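This report concerns only the one structure given below.
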Amino acid sequence: MTRKSIALRSRGFADAVERKGPVYRLIIILPIPLAFLIALWSEPISGSLWRGGILLLLGELLRIWSAGYLSGFHLSLQESKPVTWGPYGLVRNPGSWGTFLLGLGVTVMSAWWPAYVLLICMVVIGTRYVIPVEETLLQMQFGEAYTVYRQAVPSYLPGWRNFLRWLKEGRGVREHAHRFRGREAWRAEGSTLMFLVGVIAAMVIQWLF
């Protein structure tokens with residue numbers, strides 16, 4: 001589950017999510033059993049473990065960065081202010097990039113080729129179904145402010161002009177409410193970190209024995 005979906009639920013959107021039916025609910029929890037399945041069937045070697053570990057670290061750092069700015073992101077939309085700072089000023093779905101890197105890290109660590117097929121399937125489902133659902137709910141909540149945000153900020157890949165604007169304008173942010181909140185980030189990512197520890201431990205055991 002992405003940080004956006006968790007935040008949406010906490011803001012009273014559970015009913016809207018439920019109306020999407022069991023398919024949506026299944027998809028957002030499916031990566032958890034799949035990751036453990038991959039870990040149990042993995043064939044890791046020392047090289048795959050450290051390469052995948054680097055990807056896991058990068059992915060989790062990106063998710064923590066995104067989670068720390070999420071409340072400020074929502075506050076800016078509520079106040080109809082442009083989002084030009086933090087990861088949400090660069091792309092609309094930074095947490096999804098972090099999640100992708102986590103999935104890629106688990107896949108690389110496993111050294112098990114079917115894991116790559118599963119990863120591709122989850123990426124397609126996420127970009128074609130899960131993220132559009134979440135952006136629809138954000139549109140419902142923030143209305144015109146989110147429409148303006150969608151027009152100004154790309155979904156996944158920033159162009160060089162967008163990147164330069166982000167570097168220039170993001171430096172001018174001084175409001176405390178819009179700054180990184182480390183405590184919120186760690187609280188949001190605590191369950192993910194415990195999950196990753198379990199997956200890594202399972203793969204290390206596979207490697208040792």
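Every read-out reported here was derived from the displayed coordinates using simple, explicitly stated rules and does not represent laboratory data. If you're wondering where the values come from, they're calculated on a predicted model, not measured in any experiment. Neighbour counts run over all protein chains shown; Cβ positions are idealised from the backbone, glycine included.
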**OP:** Could you check the simple spin-label distance between TRP65 and THR147, using points 7 Å along Cα→Cβ, in nm with one decimal?
**Re:** 3.2
Original post:
Using 1/(1 + (r/R0)^6) with R0 = 25 angstrom and r between the beta carbons of GLN78 and ARG183, what's the FRET efficiency to the nearest 0.05?
Top reply: 0.75
Subject >> Total charge dipole magnitude, the chain, about the Cα centre, Cβ charges on Lys, Arg, Asp, Glu only, Debye to nearest 20 >> reply: 500
Original post:
Per residue Cα convex hull volume for the range 90-163, in cubic angstrom?
Top reply: 90
**OP:** Please list the radius of gyration and Dmax for the range 75-209, considering alpha-carbon atoms only, with Å as the unit.
**Re:** 18.0, 57
**OP:** Enumerate the residues in the range 116-130 having an amide nitrogen under 13 Å from the point lying 7 Å beyond the Cα of TRP41 toward its Cβ.
**Re:** 116-119
Original post:
If r is the Cβ-Cβ distance from VAL197 to TRP50 and R0 is 22 Å, what FRET efficiency results, to the nearest 0.05?
Top reply: 0.85
**OP:** Using just the helices of the chain, give the 222 nm mean residue ellipticity in deg cm²/dmol: DSSP H runs with n ≥ 4 each add -39,500 (n - 2.57), and the total is spread over all residues, rounded to 500.
**Re:** -23000 deg cm²/dmol
